[in-house]
Amino acid sequence: MFADCGMGKTIMQLVWAQNVIEKTNKPVLILAPLAVSYQTQEEATKFNLDSEVSTQPEKAKIYITNYEKLDKFNPHDFAGIVCDESSILKNFNGSIKSSINQFARKIKYRLLCTATAAPNDYIEFGTSSEALGYLGYMDMLNRFFKNQQNNSAMRSFYGEAPKWRFRGHSERPFWQWLCSWSLAYRKPSDLGFNDGDFILKPLSENKHFIDNTKPLDNMLFSFAASTLPEQRQELRHTLKERCELAVDIVRGKEDQSIIWCHLNEEADWLRVNLGNDCVEVSGKDKDEKKIEKFSQFTHGKAKVLITKPKIGAWGLNFQNCNHMVYFPSHSYEQYYQSVRRCWRFGQKKEVTVDIITTPGGEKVLDNLQRKSDQAVKMFDNLVAEMNNEKAILAIDKFKTEQEVPTWL
């Protein structure tokens, strides 16, 4: 399920899990990012579903755990598995991703749920396809894409990433194939229903540019960064100025705020200067401490949350907050997920994002906008093929089981 933030993916996957349990009389395992597990259990409790957040098998019908605890479970104990926020599968290294696929392959019923696919890298759909038992990653590439560099799917001998493009006339069959094992919807009308209250509040994005007055390393004069290494240097040279502006902005707000940063030095500076007004969730925190700090912010016990997108931008619901400060990077997915923690269906106020960067960061913002346009195009293609009656006939051919030759 490619369902946008606030569409109720948690409830959908719990209902799916309950149906599998009633059909098979065996439990279902839900894998989720850290802290999202407890939000999932809260939703299950609302509907009187027997669930348990656990790091090892117990007696519940629905087990909820984070991806890193998968080795504590046996796939033969479950009739179904759910991968929540499944887009993060591509972020795991090869061994972890392989272990998840091998675990899921032994379970009959499988469901992947995510809000963000990869708008700038369609070949990542192969990760999801492989986990569900459809075309493998390499099989998908060979069927729909052409390698323009004639090197391996991962990296060539010289370390260059391969360049893949759609084969001639294969783009539309690719979307039809994708629709044969997935559903995509950003709002109820994508499925033919009335949107009702599913109307997003306005989003305001304010861009603030901090001039770099210090020359970059090995440079005599100061100038705007252009290359990626120069952009990183510029960010470090302007760390204090950017953080000072972030502090000034959040202190001028009466309500809660989130500051999304990427460098440890940024988080440390912000924590020291905001003092008791903030709570920081960092990578060095133990799992229990992270969950505790996220809960403090969610329940209004901290005015400002400081964290990194890779720690807190997936799955969590921060509708209690309608303002954030963001230090941008080239990752569209991180930006999208960070903003959508607050800007989602159910948010009752207008959401404001203050983006703080440098003149060299303007190229980063242009890159994010390009990827955003690609994401819109991708969802439009999926929804169009999903609702096109003629396309449905084409989609059915991908669902037809193939007979294996007797000699095999």
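The values are calculated or read from the model by the stated rules, or taken from the named source; none is laboratory data. In this text the structure is predicted, and so the values were computed from the model without any measurement. Counting neighbours? That spans all protein chains shown, and the Cβs are built from the backbone with ideal geometry, glycine included.
For residues in region 247-267 being touching a strand residue (DSSP E or B) at 6+ places or on another chain (Cβ under 6 Å) and either free of Cβ contacts under 8 Å to residues at least 24 places away in the same chain or in a helix (DSSP H, G or I) (or both), which is surrounded by the most Cβ atoms within 10 Å (Cβ to Cβ)?
Ranking the qualifying residues of region 247-267, first place goes to VAL250.
Against the condition over 20 Å from GLN337 (Cβ atoms) and either at pLDDT below 90 or not small (Gly, Ala, Ser) (or both), how does ASN322 come out, does it pass?
It is false that ASN322 is over 20 Å from GLN337 (Cβ atoms) and either at pLDDT below 90 or not small (Gly, Ala, Ser) (or both).
Scanning region 213-246 for residues that are assigned to a loop (DSSP other than H, G, I, E, B) and at pLDDT 70 or above, which turns out farthest from VAL325 (Cα to Cα)?
If we take residues in region 213-246 being assigned to a loop (DSSP other than H, G, I, E, B) and at pLDDT 70 or above, then THR227 is farthest from VAL325 (Cα to Cα).
What residue, of LEU270, LEU274, is in a helix (DSSP H, G or I), under 26 Å from the mean Cα position of the chain (by Cα) and among the aliphatic types (A, V, I, L, M)?
Exactly one residue qualifies, and that residue is LEU270.
Taking region 27-74 as the region of interest, how many residues are farther than 27 Å from PHE318 by Cβ and surrounded by fewer than 19 Cβ atoms within 10 Å (Cβ to Cβ)?
Qualifying residue count for the region: 10.
Report whether or not GLU288 is without any contact (Cβ under 8 Å) to a residue 40 or more places away in the chain, outside the structural domain of THR10 (by TED's automatic domain parsing) and either part of a loop (DSSP other than H, G, I, E, B) or not basic (Lys, Arg) (or both).
Taking the combined requirement at face value, the residue satisfies it.
Give me the residue from region 64-90 that is modelled with pLDDT under 90 and aliphatic (A, V, I, L, M) and, out of that set, nearest to the chain's Cα centre (by Cα).
Filtering first and then ranking leaves ILE88.
Restricting to region 232-248, name every residue that is under 13 Å from ASN273 (Cα atoms) and either hydrophobic (A, V, I, L, M, F, W, C) or touching an Asp or Glu at 6+ places or on another chain (Cβ under 6 Å) (or both).
Those that are under 13 Å from ASN273 (Cα atoms) and either hydrophobic (A, V, I, L, M, F, W, C) or touching an Asp or Glu at 6+ places or on another chain (Cβ under 6 Å) (or both): CYS243, LEU245, ALA246, VAL247.
Quick test of your reading of the structure: LYS61 fulfils all but one of (1) more than 17 Å from PHE103 (Cβ to Cβ); (2) out of contact with any helix residue (DSSP H, G or I) (no Cβ under 8 Å at 6 or more places or on another chain); (3) of a type in the set (Lys, Arg); (4) modelled with pLDDT of 85 or more. Name the failing condition by number.
Condition (2) is where LYS61 drops out.
Anything in region 174-209 that is assigned to a strand (DSSP E or B) and either surrounded by fewer than 19 Cβ atoms within 10 Å (Cβ to Cβ) or at pLDDT 90 or above (or both)? List them, or say none.
LEU203, SER204, GLU205, ASN206, LYS207, HIS208, PHE209 - these are the residues of region 174-209 that are assigned to a strand (DSSP E or B) and either surrounded by fewer than 19 Cβ atoms within 10 Å (Cβ to Cβ) or at pLDDT 90 or above (or both).
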